[in-house]
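Peer 1: Handing you a structure now.
Any read-out appearing in this document is the output of simple, stated calculations on the displayed coordinates, not a laboratory observation. Every value quoted in this text rests on a predicted model; they were computed, and no experiment measured them. FYI the Cβ positions are ideal-geometry reconstructions off the backbone, even for glycines, and counts take in every protein chain you see.
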Amino acid sequence: MTRKILMHVGPETIDYDILLGGIKGDVGFTSKEFVDAMSFSLKFLRKLMGVGESYQPFIIPGGGTSAMESVTSLLRKGDKVLVVSNGVFGNRWIDIFSRYPVNVKALKAKAGYYVKPEEIEEEVKKDHYTMVTMTHVETSTGVREPIAEVTKRIRDYVDLIVVDGVASVGGEEVRAEDWKIDVFLTASQKAIGTPPGAGLLVLSENATKRLGEDNIAGYYLNLKNWIGVMQSMEKGKASYFSTLPVHLILMIKKAFELIETEGIGNRIRRHEIVSSAIRKGIEALGLEIVAKTPEAYSNTVTGVMLKKVNPNDVLSMSLTEGIEFAPGVHPDLGGKYFRIGHMGWVNINDVISAIAVIERVLSKLGEPINFGEGVKAVQEYLINGISISSSNIAP
């Protein structure tokens, strides 16, 4: 069987200790083992999100989209929502809110760019919005929004600020409380590095107070129905609304233990090193990155533009070479790019393998590149550009 490195945009390659942590045949949703795992995970989620005791953590079934839709629990009929979208997954907020009795307006950026903080500030000064939603890292392009700056500019003008951190939490700096963000959410399968199946989010005290009977959410994703479960579980007491993904949460607990051992700061630094090395290699090959400006580069996803060859051919041939990358999904760049996911348990040796495969595959397919320069640039960066420690090499 051919060994494979998964450098998709989620799920990522999963540490075997995490997978083994969920292989339990006799754990019920009221068992002490599960309740303890849930309690630990909820408490650690606060650390990961950079918040204190005043924020309420949730781990709910589903994924990033379920976490996104659950924020309708904070809205009432007729509320105004401003969606800040940098791509496909920013637009998902529009698709979600359009199913509910709220008024939605969107500010959109061109592919590879982000909506400027001053544009968002200008809009919220013109009209009062109950909620503004942003995407920290747009998975479709790898573009990072400067959410701390945006929040600083708009905090006094809106009731709720919500950030989709599906492709950022665990790989980017997140200080939700310091930045005065009301809701920060993510999913289990990306930079946290566990299988898909859970949405994770924290709510500020301001947001939690809005979980009233008159919210517009449905039943399953209504956080009002989940909050009692979360509060009881965190205190070590079994509770039930609907069955949680028991075995996944056991894996999340193990992942959080490994993140705690590595150190959140070390983990973010590792992601910074890996992502920078990826981009050094891509640029040395003479290829263009989808994110148009360096300040918009993310630690977790890099989109790679192609000049000549079909990206689907690149993906299929790379897979035969042992690495799985992700297709491009932004409609404005259709057939022009592919994506590299570099998050979770990725290390610097994975980078060298990825760039080497990209070089070989593109050369075989006839893409005009600077053959041999990609791996060389990565190696030079790793030798000269950073201080390599054990935490940088492997989690």
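Peer 1: Once you list every other residue whose beta carbon is under 15 Å from the beta carbon of N222, what net charge do they have if Lys and Arg are +1 and Asp and Glu are -1?
Peer 2: That works out to +2.
Peer 1: Using the Karplus curve 6.51 cos²θ - 1.76 cosθ + 1.60 with θ = phi - 60°, work out ³J(HN,Hα) for each residue of the range 56-66 in order, rounded to whole Hz, and write x for Gly and Pro.
Peer 2: Each residue's phi maps through the Karplus curve to give 9, x, 9, 10, 10, x, x, x, x, 5, 5 Hz.
Peer 1: What is the packing order of peptides 266-275, 247-256, taking the mean over residues of other C-beta atoms within 10 Å and listing the highest first? Before the final figure, lay out the partial values.
Peer 2: Values: 266-275: 21.3, 247-256: 23.9.
Ranking, from highest mean packing down: 247-256, 266-275.
Peer 1: Which one, F97, I355, A109, projects farthest toward the positive side of the charge dipole computed for the chain from Cβ point charges (K/R +1, D/E -1)?
Peer 2: Final value for the positive-end residue is F97.
Peer 1: For the chain, give me the percentage of DSSP beta bridges that are antiparallel, rounded to the nearest 5 percent.
Peer 2: Counting only bridges with both partners in the chain, antiparallel ones make up about 50 percent.
Peer 1: Another question, then. Just tell me which aspartates and glutamates come within less than 18 Å, Cα to Cα, of K253; anything on the same chain fewer than 8 places away is out.
Peer 2: E12, D15, D17, D26, E33, D36, E234, E262
Peer 1: Taking the Cα centre of the range 1-99 as origin, sum charge times position over the Cβ atoms of Lys and Arg (+1) and Asp and Glu (-1), and report the length of that vector in debye to the nearest 20.
Peer 2: 320 debye
Peer 1: Note the listed values (1) 306; (2) 163; (3) 130, then indicate which one is volume of the Cα convex hull per residue in Å³ calculated from this particular structure.
Peer 2: (3)
Peer 1: Also, I was wondering about something else. Return a whole-number percent for the relative contact order of the chain, with Cα pairs under 8 Å and 6 or more residues apart as the contact set.
Peer 2: On the way: 861 pairs, mean separation 93.1, N = 395.
Reported as a whole number, the value is 24 percent.
Peer 1: Ok, one more. What size of dipole, in debye to the nearest 20, comes out for the range 16-261 about its Cα centre when the only charges are +1 on Lys and Arg C-beta atoms and -1 on Asp and Glu C-beta atoms? Walk me through the intermediate numbers first.
Peer 2: Numbers: 30 positive and 31 negative charges, 63 e Å.
Taking the Cα centre of the range 16-261 as origin, the dipole is about 300 debye.
Peer 1: How far, in nm, would the chain grow between D332 and I23 when pulled straight, counting 0.36 nm per residue and subtracting the alpha carbon separation?
Peer 2: Full extension from D332 to I23 adds 107.0 nm.
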